[in-house]
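Colleague: Provided herewith is a single structure, encoded as structure tokens, for subsequent inquiry.
The values are calculated or read from the model by the stated rules, or taken from the named source; none is laboratory data. What you see is a predicted model, and the numbers here were worked out from it, not measured in a lab. So basically every Cβ, Gly included, is an ideal-geometry build from the backbone, and we count neighbours across all protein chains shown. Just so you know, the surface numbers come from the protein's heavy atoms only, side chains and all, with ligands and any DNA or RNA stripped out. Shrake-Rupley method; radii C 1.70, N 1.55, O 1.52, S 1.80 Å.
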Amino acid sequence: MTSQIPDTLIWKRKKFDLLGYQREEEGYELFNPEKFGMSPQMMHTACYRGFYCGFKIVKNFLYLDTLCVNDGNGHYPAINGVEVTPGGRNASNYANINLLIPYTGLMRIGADFHEEHYIHMGFQKPSAYGIVWDLEFSEGKVIGTKDISEAVKKIEGQYHDTYHNHDIIERIDDSFKRDMELR
């Protein structure tokens with residue numbers, strides 16, 4: 001198994017990895033290519049779900065900015081008027097999409113990834129980052145922010161250090177979660 005390519009978010013001119021968001025465990029997705037008629041298929045071992053997104057916050061609103069996707073049927077419709085361009089490694093790309101994402105809930109983002117806490121499976125967890133923020137959204141608008149980096153420092157590397165203490169199936173399931181649990 002391989003660590004997955006994270007979705008990213010540009011906020012205050014800085015790039016963050018998307019670490020988690022509310023309702024993830026209910027199957028909610030911030031963006032789902034299937035709503036545009038695509039059938040995402042695995043690109044490679046670092047992208048089992050078949051796509052990854054780049055989001056941005058502009059004037060306090062959340063937008064889908066980029067999308068890299070592998071459609072199993074070769075169907076790549078325009079998204080918000082933006083046409084696809086060929087990409088590499090079994091994928092195609094959309095750029096400058098500017099699609100408003102009307103998300104309501106909390107989102108956790110991180111920067112300053114500490115390589116020594118890398119897990120070679122699923123998505124990286126907050127305890128592997130030096131800078132972690134929680135952003136609160138209402139209908140796509142940022143209505144609150146909280147720097148939780150100090151709280152994360154108290155658990156730095158914890159997920160990495162305890163990862164192999166769990167049953168393999170439990171480890172795999174947990175590593176692919178992008179929920180709001182602080183670990």
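Colleague: Which of G130, G74, G122 moves most in a GNM of the chain, Cα contacts under 10 Å?
Modeller: G74
Colleague: Still on this structure, I have one more. Can you work out the accessible area per residue across region 1-54, with the rest of the protein chains kept in place, probe 1.4 Å, in square angstrom?
Modeller: 51 Å²
Colleague: Ignoring ligands, DNA and RNA, what accessible area per residue does region 68-183 give at 1.4 Å, in Å²?
Modeller: Here the residues of region 68-183 average 51 Å² of exposed surface.
Colleague: Going highest first, how would you order 59-72, 162-175 by mean Cβ packing within 10 Å?
Modeller: 59-72, 162-175
Colleague: Looking only at G50, G105, G37, which one moves most when the chain is put into a Gaussian network model with springs between Cα atoms under 10 Å?
Modeller: Most flexible of the set in this elastic network: G37.
Colleague: Quick one: ranking R108, R23, R49, R13 by accessible area, 1.4 Å probe, largest first, what do you get?
Modeller: Result, largest first: R13, R23, R49, R108.
Colleague: Let me ask something else about it. Just round it to a whole percent: the fraction of Cα-Cα distances in the chain exceeding 21 Å.
Modeller: 51 percent
Colleague: Within the chain, what whole-number % of the accessible surface is contributed by carbon and sulfur, with the 1.4 Å probe and all protein chains included in the calculation?
Modeller: 49 percent
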